[in-house]
Every structure is written in C-alpha cells, then in structure tokens.
Amino acid sequence: MRIDKWLWAARFFKTRSLAAEAVTGGRVHVGGERAKPSRDVRVGDEVEVVIGQVRRTVIVQGLAERRGPAREAALLYEETPDSVAAREAFVAQARLDAQMVVRGEGRPTKRDRRRMEETRRKLG
C-alpha cells in the first residue's frame, strides 16, 4: 500500500493530498529513509511522521484501502513508547507556555484615557 494512502487512512492527515505533500516535503521517513508518496508500506515498517513541531514514530500494524472511523484507524499503527513520552512532554510544555502568557486588560476605558492624558499634560 502507498505511504500517502496509508497516512490518510490512518488519519494522520485530513486529505490524501496533504499526506502526499508531507511525504514529498521530507516530513515522512520509512525505516529511517526519506520516502516518496508511491513508497509501499508493509506491516512491521517503522514510520516517522513530523506534524507541526511533533515527531511521531509508529509501527505499522495493519493496512486499509479506505479511510474509516478513528477507532479503526488507531488499530492500523502502534506508537513507540519514546514517541508517546516525547509527545506528552511537548504538550505539557505547550500548556506551561500558554499559562505564562500575560494578557492585557484590553482597550483603555474612557476614564483610563482621561487619566493618561492628564498624566501626559503634567509631564510635558
């Protein structure tokens, strides 16, 4: 089965053209080697997929010609323990980064604007 079809059927990508684009762009490796979209994938192959900033390493467990429900797609591969740990660490770090973002109060109110203008007049 073609790697681009398998990535689409396993629901790594929403469309087959996005899967083919990722393979062509060098974000997919099969057995440690860069793959072409027409590369055949077999049960037992190790596939590395980079989606965004996350690198996932999976072992092919099954093949499917058609794209099915997510539960069936999850049976087509098994993610390696190292990949799971790295993905969870990335998600935890992203949550921490999101918490550290300081959000402003928004636009100044009319009262705030008058206070700022009064301060500028006194200083300048």
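The values are calculated or read from the model by the stated rules, or taken from the named source; none is laboratory data. Model, not experiment: these values are computed from the prediction. Every residue, glycine as well, gets a Cβ built from its backbone with ideal geometry; the counts of neighbours run over all protein chains shown.
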| Which of the residues that make up region 60-109 are over 30 Å from residue 16 (Cβ atoms) and acidic (Asp, Glu)? | 97, 105
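Is it the case, given these coordinates, that residue 83 is over 18 Å from the mean Cα position of the chain (by Cα), among the hydroxyl-bearing types (Ser, Thr, Tyr) and either under 20 Å from residue 4 (Cα atoms) or at pLDDT below 95 (or both)? Full working, then the answer.
Numbers: over 18 Å from the mean Cα position of the chain (by Cα): no; among the hydroxyl-bearing types (Ser, Thr, Tyr): yes; either under 20 Å from residue 4 (Cα atoms) or at pLDDT below 95 (or both): yes.
No; evaluated as a whole, the condition is false for this residue.
If you check residue 94 against the conditions, is it more than 18 Å from residue 12 (Cα to Cα) and of a type in the set (A, V, I, L, M, F, W, C)?
Details: more than 18 Å from residue 12 (Cα to Cα): yes; of a type in the set (A, V, I, L, M, F, W, C): yes.
Yes.
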| Unmet criterion (only one of (1) assigned to a helix (DSSP H, G or I); (2) surrounded by 11 or more Cβ atoms within 10 Å (Cβ to Cβ)) for residue 56 | (1)
| query | Among the candidates 7, 96, 18, which residue alone is at negative phi and in contact (Cβ under 8 Å) with a residue 12 or more places away in the chain? | reply | 7
| field | Pair list, Cβ under 6 Å, 6 or more apart: region 62-76 residue part of a helix (DSSP H, G or I), other residue of a type in the set (A, V, I, L, M) | value | 73/10
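Evaluate the following for residue 79: is it farther than 25 Å from residue 9 by Cβ and either of a type outside the set (Gly, Ala, Ser) or in contact (Cβ under 8 Å) with a residue 40 or more places away in the chain (or both)? Quick ask: steps written out before the conclusion?
On the way: farther than 25 Å from residue 9 by Cβ: no; either of a type outside the set (Gly, Ala, Ser) or in contact (Cβ under 8 Å) with a residue 40 or more places away in the chain (or both): yes.
No; evaluated as a whole, the condition is false for this residue.
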| Within region 36-80, which residues are under 19 Å from the mean Cα position of the chain (by Cα) and hydroxyl-bearing (Ser, Thr, Tyr)? | 57, 77, 80
| field | Failed criterion for residue 26 (all others in (1) farther than 18 Å from residue 4 by Cα; (2) in a loop (DSSP other than H, G, I, E, B) hold) | value | (1)
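Could you please find all residues in region 21-61 being free of Cβ contacts under 8 Å to residues at least 12 places away in the same chain and either closer than 15 Å to residue 78 by Cβ or among the small types (Gly, Ala, Ser) (or both)? Please lay out each step first, then the result.
Filtering region 21-61 down to residues free of Cβ contacts under 8 Å to residues at least 12 places away in the same chain leaves 21, 25-26, 33-34, 52.
Matches in region 21-61: 25, 26, 52.
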